[in-house]
1. Taking segment 205-234, which residues are at negative phi and loosely packed, with under 14 Cβ neighbours inside 10 Å?
2. Here are 88, 137: which of them is assigned to a helix (DSSP H, G or I), within 27 Å of residue 159 (Cα to Cα), touching a helix residue (DSSP H, G or I) at 6+ places or on another chain (Cβ under 7 Å) and modelled with pLDDT of 95 or more?
3. Please enumerate the residues belonging to segment 235-256 that are over 15 Å from residue 143 (Cβ atoms), over 14 Å from the mean Cα position of the chain (by Cα) and either at pLDDT below 95 or crowded, with 24+ Cβ neighbours inside 10 Å (or both).
4. Considering 157, 153, which residue is touching a helix residue (DSSP H, G or I) at 6+ places or on another chain (Cβ under 9 Å), part of a helix (DSSP H, G or I) and free of Cβ contacts under 8 Å to residues at least 40 places away in the same chain?
5. Suppose we filter 267, 249 for residues that are assigned to a helix (DSSP H, G or I) and either in contact (Cβ under 8 Å) with a residue 40 or more places away in the chain or touching a helix residue (DSSP H, G or I) at 6+ places or on another chain (Cβ under 7 Å) (or both); which single one remains?
6. Can you name every residue in segment 182-201 that is buried (at least 19 other Cβ atoms within 10 Å of the Cβ) and part of a helix (DSSP H, G or I)?
7. Being in contact with a helix residue (DSSP H, G or I) (Cβ under 7 Å, 6 or more places away or on another chain) and surrounded by 20 or more Cβ atoms within 10 Å (Cβ to Cβ), is that true of even one residue in segment 321-332?
8. In a helix (DSSP H, G or I), in contact with a strand residue (DSSP E or B) (Cβ under 7 Å, 6 or more places away or on another chain) and closer than 24 Å to residue 101 by Cβ: which single residue out of 259, 309 fits that description?
């Protein structure tokens, strides 16, 4: 029997199934991974007689450790997510953490333990080292944004240059010597649940900004089609400058929390943090081609990262294997993103 639409001379309607948000897939992945570790925790004694069956999920201490582990890198990931949504990449975050940690911590010295080289930077109010660390990150991000926006060099190259430069600054600032013994007030940023609260607060703030403000609309527009965004009246260069500056400032916040938690600053701090942050965003569904992703997805990606790391430790898996499996997960996430883009192109 002929199609009714064809007989009437009208093309039949194409029916599209309504798809749920990508964050739901990430959430399902998080639950599945956690359940796998839970099951392995109970069956593990079958091949390891030296341990007893354990619960992975129903352990408050372990869950708090998971969240605490991802909080600092998660702060960086919130900024990196916004850069990736614009179609760029930021490889400098870890090195910026190192530089901001060294410079910021030097303003947090207690006079009792201060070295002679920094006598004028002792016993300052905690707002001073906090502001300095965030400002250092913002300056690095501003330079990144300026290079990407106004010189038109690829973000990969611009931020790679900053990665090397910032690490050099971190080593040069104290000739590679660590800075320790901050004032008592400085420890507040990294104590207890404060890192988690800072991470969650920043995630909520920038989720709302991306979702409901002009800033968010412009960020997605640039990532989707930069030339179309420019034609529509968006000052692309100025907005990119803002996005990269925010990402740098958040790296400064991460440095502040990290040094406050560890009570010391070292030039090697933040190594590989940028790759972990990018991985969190990609696992959370942020497209490396730009224009798609969310802070909620990145937070879920961060939790997946934390669950995997804690789960491997829980099962006694060697750290070398952890890195291999993490790398495989990142590649799989990128492959899935490419597949989603191809499906979307076919539907269009």
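1. Correct list: 205, 208, 211, 212, 213, 214, 227, 228, 231, 232.
2. Being assigned to a helix (DSSP H, G or I), within 27 Å of residue 159 (Cα to Cα), touching a helix residue (DSSP H, G or I) at 6+ places or on another chain (Cβ under 7 Å) and modelled with pLDDT of 95 or more holds for just one of 88, 137, which is 137.
3. Within segment 235-256, just 256 meets the criteria.
4. 157
5. After applying the criteria, what remains is 249.
6. Correct list: 186, 189, 190, 195, 198, 199.
7. Within segment 321-332 (the criterion being in contact with a helix residue (DSSP H, G or I) (Cβ under 7 Å, 6 or more places away or on another chain) and surrounded by 20 or more Cβ atoms within 10 Å (Cβ to Cβ)), the answer is no, since none of the residues qualifies.
8. The match here is 259.
The values are calculated or read from the model by the stated rules, or taken from the named source; none is laboratory data. As the structure is a prediction and not an experimental result, all values here were calculated from the model. Heads up, the Cβs are rebuilt from the backbone with ideal geometry, glycines too, and the neighbour counts pull from every protein chain shown.
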